[in-house]
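Engineer: Would you mind keeping the following structure in view while I ask a few things?
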Amino acid sequence: MFRFKRFAVRQERSPMKVGTDGVLLGAWTEVYPSDRRILDIGTATGLIALMMAQRAPEAQIVGIDILDIAEARENAAASSWGPRLTFEQCPAQEFTAAEPFDLILSNPPFFVDALTCPNAGRTTARHTVTLSYEDLCMSVVRLLAPDGRFAVVLPLAESERWFSVCNGRLRLVRRTDVRTTPRRTPKRVLLEFVHENAVSESTQPRYDELTIGTGEHEQYTEAYRTLTGDFYLKF
């Protein structure tokens, strides 16, 4: 079990454990007071959905995954926000909702051409064999409210492939490149999009960088501590 300040995540059965990518996305994504419906695509243990429940006290949060979502349901039931959390085992391509979502998040499968893992569940969670970038983009466009936002975390090396897929459908409005230490090149990127026609073509995206560690053993930057301080026990 992984314990956060206000909830805990059981992850014994999930092929994807709590990791930095999910925590980064859940903490980095901007949440507005007007956000009432939030969707987490590829929810796994329900980590990001739980983070959204903590940050958006008026919102109803839905998590979907092609894999078993029993642990996500258990984690939600054990939290303070169970009634606001719903989970469905359903591919994003087939998921339907009565109303669109104000905010959609995803820590998606991202290995496109890499060798797959012998563990079938981990392959499904990490490789784009069941949710291609094209499928994810089309699902977001279909499920996102006209003025909604979509936030995603990807390896920097895969981001150009994602941009080519969403070109003409989703427009970038915010980007943060993530370094593990000051001396290392960025390995992850946090991206926020809106519908292509939701902002003016002259609107410029916001760019910045985040460095996680100082370079010393288990020492973290003040920026990372501030970003994740509402969640990690060690901060």
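Engineer: Residues that are open to solvent by less than 40 Å² (accessible area, probe 1.4 Å) and closer than 29 Å to R3 by Cβ: does the stretch 157-173 have at least one?
Structural biologist: No, every residue in the stretch 157-173 fails to be open to solvent by less than 40 Å² (accessible area, probe 1.4 Å) and closer than 29 Å to R3 by Cβ.
Engineer: Hey, another quick one. Please determine, by comparing only the residues of the stretch 127-151 that are open to solvent by 60 Å² or more (accessible area, probe 1.4 Å) and over 14 Å from L103 (Cα atoms), which one is modelled with the lowest pLDDT.
Structural biologist: Restricting to residues being open to solvent by 60 Å² or more (accessible area, probe 1.4 Å) and over 14 Å from L103 (Cα atoms), the top hit is V129.
Engineer: On the basis of being over 26 Å from Y133 (Cα atoms), open to solvent by less than 10 Å² (accessible area, probe 1.4 Å) and in contact with a helix residue (DSSP H, G or I) (Cβ under 7 Å, 6 or more places away or on another chain), does A59 make the cut?
Structural biologist: Yes: the conditions hold for A59.
Engineer: Being out of contact with any Phe, Trp or Tyr (no Cβ under 9 Å at 6 or more places or on another chain) and surrounded by 21 or more Cβ atoms within 10 Å (Cβ to Cβ) is the filter; apply it to the stretch 4-20 and report the residue that is modelled with the lowest pLDDT.
Structural biologist: M16
Engineer: Next question. Going through W28, W81 one at a time, which residue ends up being closer than 27 Å to W162 by Cβ and among the aromatic types (F, W, Y)?
Structural biologist: W28
Engineer: Continuing with the same structure: Exactly one of these conditions fails for K5: (1) touching a residue at least 60 places away in the same chain (Cβ under 8 Å); (2) in contact with a Gly (Cβ under 6 Å, 6 or more places away or on another chain). Give me its number.
Structural biologist: Going through (1) touching a residue at least 60 places away in the same chain (Cβ under 8 Å); (2) in contact with a Gly (Cβ under 6 Å, 6 or more places away or on another chain) one by one, K5 breaks only (2).
Engineer: Quick one: how many residues across the stretch 174-220 are loosely packed, with under 12 Cβ neighbours inside 10 Å and in contact with a helix residue (DSSP H, G or I) (Cβ under 6 Å, 6 or more places away or on another chain)?
Structural biologist: Summing the residues that are loosely packed, with under 12 Cβ neighbours inside 10 Å and in contact with a helix residue (DSSP H, G or I) (Cβ under 6 Å, 6 or more places away or on another chain) in the stretch 174-220 gives 0.
Engineer: Moving to a separate point now. Where residues in the stretch 62-71 are over 15 Å from the mean Cα position of the chain (by Cα) and within 24 Å of P100 (Cβ to Cβ), which of them is most open to solvent (accessible area, probe 1.4 Å)?
Structural biologist: The selected residue is I66.
Engineer: Determine which single condition G229 fails, assuming it passes every other condition in (1) farther than 23 Å from L136 by Cβ; (2) out of contact with any Phe, Trp or Tyr (no Cβ under 7 Å at 6 or more places or on another chain).
Structural biologist: Among (1) farther than 23 Å from L136 by Cβ; (2) out of contact with any Phe, Trp or Tyr (no Cβ under 7 Å at 6 or more places or on another chain), G229 violates only (2).
The values are calculated or read from the model by the stated rules, or taken from the named source; none is laboratory data. Quick caveat: nothing in here was measured; it's all calculated off a predicted structure. All Cβ positions, glycine included, derive from the backbone under ideal geometry; neighbour counts span all protein chains shown. Protein only, heavy atoms only, side chains kept; ligands, DNA and RNA dropped before computing areas. Shrake-Rupley method; radii C 1.70, N 1.55, O 1.52, S 1.80 Å.
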